[in-house]
Structures are given as structure tokens and as C-alpha cells.
Amino acid sequence: GAVVSQHPSWVICKSGTSVKIECRSLDFQATTMFWYRQFPKQSLMLMATSNEGSKATYEQGVEKDKFLINHASLTLSTLTVTSAHPEDSSFYICSARVGGGTQYFGPGTRLTVL
Amino acid sequence: QKEVEQNSGPLSVPEGAIASLNCTYSDRGSQSFFWYRQYSGKSPELIMSIYSNGDKEDGRFTAQLNKASQYVSLLIRDSQPSDSATYLCAVNTNTGNQFYFGTGTSLTVIP
């Protein structure tokens, strides 16, 4: 099956700093990548959809200036949480999709902001 | 109306029983349907995809699709405690670019 990796898997940072999370499709080229956030015991929440070479489409209520998404190639997308605050602490999960087909999820990144 | 609806549960079944998970969707033209399993603290993993009406079997898992009723289900036979997780239903809409997840059904298999 298709493999998606994320790095780092776990990060702790101080309030006010920025954190970059990488998402890579290892064995396929992903036309679209998605970023989700999940708080404990809650559902996945789609943050944004990105297509290679174009600007990301953010879901309502997600601040695009705070959550910067770059999809530089068909195998790499990055999410940067800028000026992170404790309320940004969450489980961030990316997924990658080929064409209009299946989404494959990365293992997730657990962010803790102190 | 939500695009994809699931009963949040929790659903409890004894070990060895059949677990039945259900999902309805609103876009009649939807073409692709998926079931994911998510263990606590982990990301979702794909269990099955189904595209045509009827049943699709993979080991202990059977996905059932009824497009006329806009209904997709997942049956887990011989349920094991390791099947305890949240199961997410996902639908790719007719336009192909919208992928909606249900809120998930929590399943507990009791030894």
C-alpha cells in the first residue's frame, strides 16, 4: 500500500515559536495533500487542502496566516504553525491522495506548546 | 444535513460476534466509499474501499454498499479485542474533489 510519512512525530515547543511539520508520500506522487487536526476524543477536523504548485484551500475558521502550508512537490507538503500557543497543542495528521482516489494518512505529529 | 453520518456509539460486542457499523451519505452521485480504522492516539488506516453496489469481502471484513439507499456498512466477523477502535466512514463525492469523513463509530470488543 501507499506510504505517507510525517516528521517530526512529536514536538514540544515554547509559546510564540514556530513549528514546521513535513508530510511526504514515499512511494507515490500525491496530487492532493490534506492537513487535519484532532483534539483528544474528538473527530478529525480538516484544516486545509493543498495541490502541488498552488495555494492551499483553507477550511472556514482556519487562519491561513497562522497555519502556513507549502506544497512544493508531488511528494512533499509542509505545515508551519506560526507563533504557536498552548491552544494549538493537538494531533496534526496529513494525508495524501492520488487523483480522485483513496486518501492515505501519515502517522501524525503530536504538538505540545508550553 | 451532514455529508456523511455515522452513529457515534459506543458499540460493544462480545468477542467472536459480528460487529455491524453503518454510514449514510447525502450526495447521491458519490462514487467512492472508504472505511478507516483509528486506534486511540494513532492516525487512521485504510481498511477497505468499495465502489460498486453489493458486498466486498476482505478477510474478516465485509463492506456493503447500497447506492439507492445511500448507505454503506462494514461488518466485522469473529470480532477480536484488537478490533476495538473508532471506525471512520469516508465518501468521495461526485465532483471527485470533496472527501468527507463521518465522525466515527467507537467499537469495543469485550473479551
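Every read-out reported here was derived from the displayed coordinates using simple, explicitly stated rules and does not represent laboratory data. What you see is a predicted model, and the numbers here were worked out from it, not measured in a lab. FYI the Cβ positions are ideal-geometry reconstructions off the backbone, even for glycines, and counts take in every protein chain you see.
Values as computed for the structure displayed
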item: Prolate/oblate/rounded label for region A:1-71 (Cα gyration tensor, a/c 1.5); result: rounded
item: Segments A:57-65, B:98-106 sorted - mean Cβ within 10 Å per residue, highest first; result: B:98-106, A:57-65
item: Table column - 3J(HN,Hα) (Hz), region B:50-57, Karplus curve with 6.51, -1.76, 1.60, x for Gly and Pro; result: 8, 10, 10, 4, x, 10, 9, 10
item: 5 Å-binned pair-distance histogram of chain B (Cα, whole percent); result: 2, 13, 24, 25, 19, 10, 4, 1, 0
item: Orphan Cys of the protein assembly as shown, criterion: no other Cys C-beta under 4.7 Å; result: A:13
item: Placed amide H near residue B:108: partners under 5 Å, 5+ positions off or other chain; result: B:11, B:12, B:13
item: Cα gyration tensor of the protein assembly as shown - equivalent ellipsoid semi-axes, whole Å, descending; result: 30, 21, 15
item: Tensor-based shape of region A:30-108 (alpha-carbon gyration tensor, a/c under 1.5 rounded, otherwise prolate or oblate); result: oblate
item: In sequence order, calculated HN-Hα J values of region A:35-46 (Karplus, 6.51, -1.76, 1.60; Hz; x Gly/Pro); result: 10, 10, 10, 9, 8, x, 6, 10, 6, 4, 10, 5
item: Violating pairs (Cα-Cα greater than 32 angstrom) within the set A:55/B:67; A:55/B:56; A:14/B:42; A:66/B:67; A:66/B:56; A:14/B:2; result: A:55/B:67; A:55/B:56; A:66/B:67; A:66/B:56; A:14/B:2
